[in-house]
Amino acid sequence: MLLIDRLSCQSKLRYINASVKLMYAVLTLALCVLSRSAAVAALVFAVNGILTAGKGGIPLSLYIKLLTVPLAFLIAGTAAVTINISGEPLDAFAVPVGEWYITGSSAGICQAFRLCATALGAVTCLYFLSLNTVMTDILAACRKLHMPPLLLELTLLIYRFIFVLLKTGTAIMTSQQSRLGNRDFRTRVRSFGLMGSSLFILAVKRSNALYDAMEARCYDGSLKVLSREYPARRRQFAFVILFELFLGGVWFWCG
Amino acid sequence: MSYCLNSFLAGCGFGVDEPEDMEYNEMEQEKNWVIEVQDVSYTYDGDGKKALDGLNLNIRRGAKVAFMGGNGSGKSTLFLCLNGIRRPDTGRICIDGKPIRYTRKGLLEVRGKVGIVFQEPDDQLFSASVYEEISFGILNLGTDEETARKEVERVIEELEITPFQDRPAHALSGGQKKQVAIADILVMHPEVMILDEPAAALDPKHTGKVEEIVESLTAKGITVLMATHDMDYAYDWADEIVLMHEGKVIRQGTPFEVCTDRTALEQASLELPAVVRIYERLKEKGRIPGDIAPPGNVDELIAYL
């Protein structure tokens, strides 16, 4: 998560209007998932790779590393579709185990392949958004879309305080380590518990202090903020729409 | 003099909306006090000890005032009271000659006039985006979006935040966070700016930067109240030093007056500033004439030699 946050700040596509990026990511994701077409998914996968690693300047090795993260889920998910345990052998493969067969159908394999492609394509859409847009810009774009303010305010505060608490937690852990707090399993568990409880108390204290500080700046219950604006270019919108139409066409022709 | 006035005012009663306000408003205009604190006491819930104990204090408009005193002497509580975050149990606080009204509108007015830069920037910065962070206060004052945008951009420029304005808050250094914390308040155009130990945990470079910003505040006519433990800096910078101890002001005066009051300094567990110590020793030894005015800072002392 920290890695994604750091990369999103360095991305060369960072200053492109967040609404354009959000629109692109959401529409592409929707088309990719709805079509269930391997051709669409492959196209999306390729285009997002070029955009993120090429145009965005995210190091390719890191991008590939990030793509392997959902792989475990993918394998588990596709295994469920391809591998059956049944009394009758199916057409693709069958391994006899006693009375039963571990077996799969070619239709199942086909489906698993499509599922895999669709999932990877969808993941690249989300990676495109999160690797090229900083969190606060995504929130600002959501604000423009009139998402519920409470949800956005909570996200804003949670996002900020993940890092504050992470910093505090790391500091506590370091100080525990410097006092042999992780000598063996027992002390390690104990230290971790102690850190958790003191972190909780600190979080409560912090939230009180933050509330005071916000009140000192005339906080009245709604978090009003302005974000920096990066103007959206018509050309960018046009590109997105054209691309989505093209994807729709691919879906239609290649099924 | 100020103490006489205070006891007179205290005699007038310290209810929140007394009719005799009008009468001494005129006196205050003459004195030009921006803040008056009269017999203020405050106790935190569930704490037997009074954090503020019958505190009296007047602050002149445009002054540079250093607040000194040990931890727990009540500085931070006083600051929160001045901004209406904490409501005194007894006594009253006047800003611009008007007692603080603890209504929504009254508090809005006070908080627009008195701004606090908190000691720990991580307790103050709530947004990961510097721009959003700075825009918060001014929008709360009801400023329209376009003006707010201009003001935010002006302050970013003025406090030299531009180089790191696009970085998320958690990627900023302590000094940069402090700059943003000051911008947070400055954008609201306060009359009084309270800085709670602004140089705590900063390196010399950023301390210098903060000091520079503080000087520019005074140049703008903003009254600056600063809590600090740095006696040498307070002596050099302040027009007035306020010594606090156990929720009371035990001494208020020019830096030299306060620094020569050994009993008060001892009570607040503070050391004499180096300049004063050297100056007194030199005078004792007859190295500098006895009738010479006390030096305001090290450079002045060197000039005497």
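The values are calculated or read from the model by the stated rules, or taken from the named source; none is laboratory data. Everything numeric here is computed off the predicted structure, so don't read it as measured data. Positions of Cβ are backbone-derived with ideal geometry, glycine not excepted, and every protein chain shown enters the neighbour counts. With ligands, DNA and RNA removed, areas are computed over all heavy atoms of the protein, side chains included. Shrake-Rupley method; radii C 1.70, N 1.55, O 1.52, S 1.80 Å.
Things to note:
- Tally of residues being among the β-branched types (Val, Ile, Thr) and either over 20 Å from B:GLU153 (Cα atoms) or outside any helix (DSSP H, G or I) (or both) across the stretch B:197-210: 1
- Only one of B:ILE194, B:ILE213 that is in contact with a strand residue (DSSP E or B) (Cβ under 9 Å, 6 or more places away or on another chain) and either part of a helix (DSSP H, G or I) or not basic (Lys, Arg) (or both): B:ILE194
- For B:ILE59, the conditions (1) surrounded by 24 or more Cβ atoms within 10 Å (Cβ to Cβ); (2) of a type in the set (Val, Ile, Thr); (3) under 18 Å from the mean Cα position of the chain (by Cα) all hold with the exception of (1).
- Hits in the stretch B:153-163 (condition: open to solvent by 10 Å² or more (accessible area, probe 1.4 Å) and more than 13 Å from every other protein chain (Cβ to nearest Cβ)): B:ARG154, B:GLU157, B:GLU158, B:GLU160, B:PRO163
- Helices (runs of 4 or more DSSP H) enclosed by the stretch B:259-305 - at least 2 residues per element that are open to solvent by less than 90 Å² (accessible area, probe 1.4 Å), farther than 20 Å from B:GLY69 by Cβ and touching a helix residue (DSSP H, G or I) at 6+ places or on another chain (Cβ under 9 Å): B:274-285, B:298-304
- Test: residue in the stretch B:124-138 that is in contact with an Asp or Glu (Cβ under 8 Å, 6 or more places away or on another chain), open to solvent by 30 Å² or more (accessible area, probe 1.4 Å) and more than 7 Å from every other protein chain (Cβ to nearest Cβ): no
- Test: A:SER227 is at pLDDT below 90, touching a Phe, Trp or Tyr at 6+ places or on another chain (Cβ under 8 Å) and small (Gly, Ala, Ser): yes
- Scanning the stretch B:164-203 for residues that are closer than 26 Å to B:GLY70 by Cα, modelled with pLDDT of 90 or more and more than 13 Å from chain A (Cβ to nearest Cβ) returns B:GLY175, B:LYS178, B:GLN179, B:GLU197, B:PRO198.
- Filter result for the condition that a residue is of a type outside the set (Phe, Trp, Tyr), under 19 Å from the mean Cα position of the chain (by Cα) and modelled with pLDDT under 85, over A:LEU27, A:LEU2: A:LEU2
- Filtered residue count, the stretch B:124-145, keeping only those that are of a type in the set (Ser, Thr, Tyr) and more than 24 Å from A:ILE162 (Cβ to Cβ): 1
- Of all residues in the stretch A:144-186, those satisfying the criterion of being among the hydroxyl-bearing types (Ser, Thr, Tyr) and surrounded by fewer than 14 Cβ atoms within 10 Å (Cβ to Cβ) are A:THR170, A:THR174, A:SER175, A:SER178.
- Subset of the stretch B:139-152 that is part of a helix (DSSP H, G or I) and at the interface with chain A (Cβ under 9 Å from one of its Cβ atoms) - its residue that is surrounded by the most Cβ atoms within 10 Å (Cβ to Cβ): B:VAL152
Each row is one residue, and each column tells you yes or no for (1) more than 17 Å from B:PRO190 (Cα to Cα); (2) open to solvent by 10 Å² or more (accessible area, probe 1.4 Å); (3) in contact (Cβ under 8 Å) with a residue 60 or more places away in the chain; (4) outside the structural domain of B:ASP230 (by TED's automatic domain parsing).
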| site | (1), (2), (3), (4) |
| --- | --- |
| B:ALA51 | yes, yes, yes, no |
| B:GLY84 | no, no, no, no |
| B:LEU107 | no, yes, no, no |
| B:LYS113 | no, yes, yes, no |
| B:GLN119 | yes, yes, yes, no |
